[in-house]
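Read-outs throughout are calculated quantities, based only on the coordinates presented, and are distinct from any laboratory measurement. Since the model is a prediction, treat every value here as computed from it, not as a measurement. Cβ coordinates were reconstructed from backbone atoms using ideal geometry, including for glycine residues, and neighbour counts include every protein chain displayed.
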Amino acid sequence: MIRRLFIANRGEIALRVIRTAKRLGVTTILGASEADRASWPAREADEVAIVGPGPSSQSYLSVDAVIAAAKAAEADAIHPGYGFLSENAAFARAAAEAGIIFVGPDLSSLAAMGDKLMARKVGIEAGLPVVPGGEAADKEAALKRAEETGFPVLLKAVSGGGGKGMKRVDRAEDLSHSIDMAMAEAQASFGDPRIYVERFIASGRHVEVQVLGDGENAIHLGTRDCSIQRRFQKLVEEAPAPCMPDDKRAAIEAAAVNLARHLNYRGAGTVEFLVDATTFDFFFLEMNARIQVEHPVTEEITGVDLVEQQLLVADGLRLSLTQDMVMPSGHAIEVRINAEDWGQDFRPSPGRATRADWPAGEGIRVDTHMAAGGEVPPFYDSLVGKLIVRGATRAEAVDRLTDALDRLTIEGFATTTDLHRAIVRDPRFVAGGVDTRFFEGLARG
Amino acid sequence: MTTDLPLTPEDVNEITSILDGSSYDRLDIRTSRLRLRVQRNGEGWTQEWSLEDEAGAATAVVAAAAVVIVEELPEGVTGIPAPLPGTFYRAPQPGAPPFVEIGDVVGPETVVGIVETMKLMNPVHAGCSGRVIAICVENATMVDGAAVLMHVEPA
């Protein structure tokens, strides 16, 4: 039984995990960097272990430092959150070797889904449709593959992910030098020059499915739509995916469960798909073998605590939820509040909050670690908090979100609050079902 | 560690539900870790969280790690400030030659360095014309937003 949980993360997700663990009667030890010593999660945790100085490479990304701190704290289990080491197989292996439970999937799943090309192969084996395209062992093969696929194509790094290392090529005459550049960048960014080729789908929606597995059974908790993105970074997410025929949504959910079963998946995971906005044909993109930033919208429509489910499965229990027991109702929308200056091309804005007033009330949930006196250090990402609203219908959720954003005031650094105020007023957003080109068409405030 | 009253999001929801039906507009709670004010705001509510005690103090840890350059600029010399806090780099990548050296002539758009913050590389533009006569911050040093990185003398 997990009694002492080490949280190897920071910010809002660290606080999120701490809260559920506390509710379950589990002692929490936060593995914090020096820069996060006085943060809200550090105050909330039962114990704090300093894993290193501010810079991530010396703290949150250091397998040795984190494992050593967890061992010293006599932790039974480590929750890796998202980002950092959450999908790092070497970290999961090191935890196992130290006799500490890794709250996450098995090594086999991490390995299968970490390499995007391998994930494509596994997806095909599991019977999932994938974007037309395929691997390209060398430049010759890449050229051939692109010609088979048809233009435009997307060149993607095999060891990439998180929306990084992708190149669009519209014309055959640009292909050769684009392949050279893509391979060089892949080598520089990920240490692996391998790329693969996919057809570029112009009018696409990013729809993902939340799955839970215990190694034998797997269920889904419905879809999320994350099409509102800037440079492949999600800004707004909602559940369920709106404006889709029910049978198509059901088919995507079934495909996700098939993949989870095929992997004998243990824990919480998300299967990501690209959906053609006109035909609703869907294609498997990748699977994220961790809890995701946007998990709250699924929690809000299902009433399931996903962190609790992660801990139960990590404890060796079978899923107590069956598919029939999952009955989503209503609609939920989340906006990510980042410490960035929209007016200055999203320049990051570290600093200290002099004011952190978040909305509250019926149908409103705020997942944040940011309070007045809190710091946004320059070492990590810019996520300050998430505003999540729920409504009986999508229209009610949109209205509630619009009102709630007017009651969000953070001072001391720039935030993207105004950007979200513009998004909720955009008629395309109000109508719903936007594709990934939404952001380009957004009027500047 | 003494057990303290935890303040969860569920608690905030309960508080707003209770206050909704009342004539109260505001509730202040203070625990040993946090302060919370739940305040009526139009048709809805705000939750105002603070890590500070009433005197307004909070541990500012990041500032201690930053290099704060406080100096008088010599006459006629312009300073190039860091555009934002972060880690200052003199070259585009490790091992590459620096953007500028002492003696180089710069114009307003000349890139003289990079400040890396929150995983993004932000170019530092000279913002003035002249000759670089001093480089005040070493490579790979943390700077705060007010730091002067270089001195430029009008050519």
Here the FRET efficiency for B:GLU153 versus A:THR322, based on Cβ atoms and R0 = 60 Å and rounded to 0.05, is 0.20
Computed ³J(HN,Hα) along region A:338-354: with the Karplus parameters 6.51/-1.76/1.60, θ = phi - 60°, integer Hz and x for glycine or proline, the list is 10, 7, 9, 9, 4, x, 10, 6, 6, 4, x, 10, x, x, 10, 6, 8
Note on chain B: alpha-carbon gyration tensor, axes a ≥ b ≥ c; rule is a/c under 1.5 for rounded, else prolate if a/b larger than b/c, else oblate; result prolate
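What trypsin sites (Lys or Arg not before Pro) does region A:346-445 have in DSSP loop regions with at most 15 other beta carbons within 10 Å?
Working: sites: A:ARG352, A:ARG355, A:ARG365, A:LYS386, A:ARG390, A:ARG394, A:ARG400, A:ARG407, A:ARG421, A:ARG425, A:ARG428, A:ARG437, A:ARG444; in loops: A:ARG407, A:ARG437, A:ARG444.
Listed in order of number, the matching sites are A:ARG437, A:ARG444.
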A correct Karplus calculation of ³J(HN,Hα) over region A:76-82, with 6.51 cos²θ - 1.76 cosθ + 1.60, θ = phi - 60°, whole Hz and x for Gly and Pro, returns 7, 8, 10, 9, x, x, 10
Rounded to the angstrom and largest first, Cα extents along the principal axes for region A:339-445 equal 37, 33, 20
Most fluctuating of A:ALA70, A:ALA239, A:ALA141 in the GNM of chain A (C-alpha, under 10 Å) is A:ALA141
Whole-Hz Karplus couplings 3J(HN,Hα) for region B:144-155, θ = phi - 60° and coefficients 6.51, -1.76, 1.60, Gly and Pro as x, run 9, x, 9, 5, 8, 8, 8, 10, 10, 9, x, 5
Non-local residues with an amide H under 5 Å from the amide H of A:GLY52, with H modelled 1.01 Å from N and Pro and chain starts lacking one, are A:GLU34
Rounded to the nearest Å, the spacing of the alpha-carbon centers of region A:136-159 and region A:74-130 is 27
Residues whose built amide H sits under 5 Å from the amide H of A:ALA372, excluding neighbours closer than 5 in sequence, are A:ALA356, B:TRP49, B:SER50, B:LEU51
Note on chain A: contact order normalised by length, alpha-carbon pairs under 8 Å, 6 or more apart, percent, works out to 14
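With a cut-off of at most 15 other beta carbons within 10 Å, and DSSP calling the residue loop, which trypsin sites (Lys or Arg not before Pro) in region A:190-253 qualify? Please list them.
Values: sites: A:ARG194, A:ARG199, A:ARG205, A:ARG224, A:ARG230, A:ARG231, A:LYS234, A:LYS248, A:ARG249; in loops: A:ARG194, A:ARG231.
Here the trypsin sites (Lys or Arg not before Pro) that fit, given the DSSP loop and packing criteria, are A:ARG231.
Can you figure out the FRET efficiency of A:PHE190 with A:ARG425, using R₀ = 35 Å and their beta-carbon distance, to the nearest 0.05? The partial results should precede the final answer.
Working: r = 39 Å, r/R0 = 1.10.
Approximately 0.35, to the nearest 0.05.
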Tilt, helix B:9-20 to longest principal axis of chain B (alpha-carbon atoms), in degrees rounded to tens, equals 60
For A:ILE7, other-chain or 5+-apart residues with amide H closer than 5 Å (H placed, Pro excluded) are A:ILE29, A:LEU30, A:GLY31, A:HIS79
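Exceeding 32 Å between C-alpha atoms, which entries from my cross-link table qualify? They are A:LYS22/A:LYS71; A:LYS22/A:LYS116; A:LYS156/A:LYS248; A:LYS22/A:LYS234; A:LYS116/A:LYS386. Intermediate values should be presented prior to the final figure.
On the way: A:LYS22/A:LYS71 20 Å; A:LYS22/A:LYS116 36 Å; A:LYS156/A:LYS248 27 Å; A:LYS22/A:LYS234 29 Å; A:LYS116/A:LYS386 28 Å.
Flagged as over cut-off: A:LYS22/A:LYS116.
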When chain A is treated as a Gaussian network with springs between alpha carbons less than 10 Å apart, the largest mean-square fluctuation among A:LEU235, A:LEU321, A:LEU61 is found at A:LEU321
Yeah, region A:283-349 with a ≥ b ≥ c from its alpha-carbon gyration tensor (a/c under 1.5 is rounded, else prolate when a/b outruns b/c, oblate otherwise) is prolate
For region A:59-146 the GluC sites (Glu not before Pro) that pass both the DSSP coil test and the at-most-14 other-Cβ-within-10 Å test are A:GLU74
Contour minus Cα-Cα span, A:THR393 to A:GLU216, at 0.36 nm per residue, comes to 60.3 nm
Taking the alpha-carbon centre of each part, the distance from region A:238-313 to region B:89-140 in Å is 45
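Please work out the FRET efficiency for the pair B:GLU75 and A:SER57, using the Cβ-Cβ distance as r and a Förster radius of 25 Å; give the result to the nearest 0.05. If you can, show how the numbers build up before the last one.
Numbers: r = 42 Å, r/R0 = 1.68.
According to the calculation, E is roughly 0.05.
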Measuring from its Cα centre, chain A shows a charge dipole (+1 at each Lys and Arg Cβ, -1 at each Asp and Glu Cβ) which, in debye to the nearest 20, is 340
Charge dipole of chain A built from unit charges on the beta carbon (Lys, Arg +1; Asp, Glu -1), centred at mean Cα; most positive-end Cα among A:ILE18, A:LEU61, A:GLY343 is A:GLY343
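For a test of the definition: using alpha carbon positions, the gyration tensor, and the 1.5 limit on a/c, classify chain A as rounded, prolate or oblate. The partial results should precede the final answer.
On the way: a/c = 1.34, a/b = 1.17, b/c = 1.14.
Taking the square roots of the gyration eigenvalues as a ≥ b ≥ c, chain A is rounded.
Where in chain A are the helices, taken as whole DSSP H runs, whose Cα atoms extend 18 angstrom or more along the long axis and whose Kyte-Doolittle mean reaches at least -0.5?
Working: long enough: A:11-23 (19 Å, -0.11); A:172-190 (26 Å, 0.04); A:246-262 (24 Å, -0.40).
Within chain A the helices that satisfy the rule are A:11-23, A:172-190, A:246-262.
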Connecting every pair of Cα atoms under 10 Å apart in chain B and solving the GNM, the largest mean-square fluctuation among B:GLU116, B:GLU138, B:GLU48 falls on B:GLU48
